[in-house]
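Presented below is the structure to which this report refers.
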Amino acid sequence: MIVFDIDGVIADFHTAFRNKILNLTGYDVDDAPSKFEIDVPGWTKDDIWKCILSTIKGGINAIQPYPNTVFHLWHLYDKTREPLQFLTARHDSCHAATRSWLQHYVIMPFELVMSNGSKNKQDLLAPMAATHFVDDRFRTVNEVCSDVKTYLFNRTWNEGRDADPRVIRINSIEKPIKDYLEERDA
């Protein structure tokens, strides 16, 4: 089974979050952050966390899917007729908003597992029968690559960071889907 993270893989959370902070504060967190964490002058970590939650819960149109992502997910579903699998670090309080977003944009059947930000995704992949995993966070892919074929999306916040040599860096969701289908049908 191939499992996808949501933010940074399927959903362009960064752009929505960046725009929300820009509208609220006039501060631009940058289109190309050099790290995964974001700092906003004058804001506490709690303020940033509340903004993250309100961005996720901000309605279906607040966060857009990345271009061509839904097309490739449809291709996967068309070939397998299996529900798509999503594993996200989003907090449980965002479950309803996340499910609504997936129902609106992804449309096809899916399973959703929320890791609640603090749980190790590696512990959650085994019960999902994952053989392939796609994420945008280099620490996460380094943790899980010994158990599943792992892909790291090249995003600005993980450029120049060392990933385990077993991790496959990608620019499109097309490659992991193609690999999964080829290996599944072999």
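The values are calculated or read from the model by the stated rules, or taken from the named source; none is laboratory data. Not measured: the values here are computed from a predicted model. Here the Cβ is made from the backbone with ideal geometry for all residues, glycine too, and neighbour counts use every protein chain on show.
Take the conditions surrounded by 12 or more Cβ atoms within 10 Å (Cβ to Cβ), assigned by TED's automatic domain parsing to the domain that holds Asp162 and more than 30 Å from Glu183 (Cα to Cα) and apply them to Ala97. Does it pass?
yes
How many residues, within the stretch 26-52, are surrounded by fewer than 16 Cβ atoms within 10 Å (Cβ to Cβ), of a type outside the set (Lys, Arg), at pLDDT 90 or above and not in a loop (DSSP other than H, G, I, E, B)?
2
Among the residues of the stretch 146-154, is there at least one that is at pLDDT below 90 and not β-branched (Val, Ile, Thr)?
Yes, the stretch 146-154 contains at least one residue that is at pLDDT below 90 and not β-branched (Val, Ile, Thr).
Can you name the condition, by its number, that Asp147 falls short on among (1) closer than 24 Å to Phe17 by Cβ; (2) assigned to a loop (DSSP other than H, G, I, E, B)?
With (1) closer than 24 Å to Phe17 by Cβ; (2) assigned to a loop (DSSP other than H, G, I, E, B) applied to Asp147, the lone miss is (1).
Please determine whether any residue of the stretch 129-136 is part of a loop (DSSP other than H, G, I, E, B), of a type in the set (A, V, I, L, M, F, W, C), more than 21 Å from Pro65 (Cα to Cα) and in contact (Cβ under 8 Å) with a residue 60 or more places away in the chain.
So far as the stretch 129-136 goes, yes, one or more of its residues are part of a loop (DSSP other than H, G, I, E, B), of a type in the set (A, V, I, L, M, F, W, C), more than 21 Å from Pro65 (Cα to Cα) and in contact (Cβ under 8 Å) with a residue 60 or more places away in the chain.
Based on this model, can you work out whether Trp74 counts as among the aromatic types (Phe, Trp, Tyr) and surrounded by fewer than 21 Cβ atoms within 10 Å (Cβ to Cβ)?
yes
Does at least one position in the stretch 129-151 carry a residue that is in contact with a strand residue (DSSP E or B) (Cβ under 6 Å, 6 or more places away or on another chain), within 23 Å of Asp185 (Cβ to Cβ), surrounded by 15 or more Cβ atoms within 10 Å (Cβ to Cβ) and among the polar types (S, T, N, Q)?
yes
If I ask for residues that are surrounded by fewer than 17 Cβ atoms within 10 Å (Cβ to Cβ), under 21 Å from Ala96 (Cβ atoms) and out of contact with any Ser or Thr (no Cβ under 8 Å at 6 or more places or on another chain), which ones from the stretch 107-127 would you list?
Ile107, Met108, Pro109, Glu111, Asn116, Gly117, Ser118, Lys119
So which residues in the stretch 77-94 are surrounded by fewer than 15 Cβ atoms within 10 Å (Cβ to Cβ) and either closer than 21 Å to Ile177 by Cα or not assigned by TED's automatic domain parsing to the domain that holds Asp179 (or both), if there are any at all?
Asp78, Lys79, Arg81, Pro83, listed by residue number.
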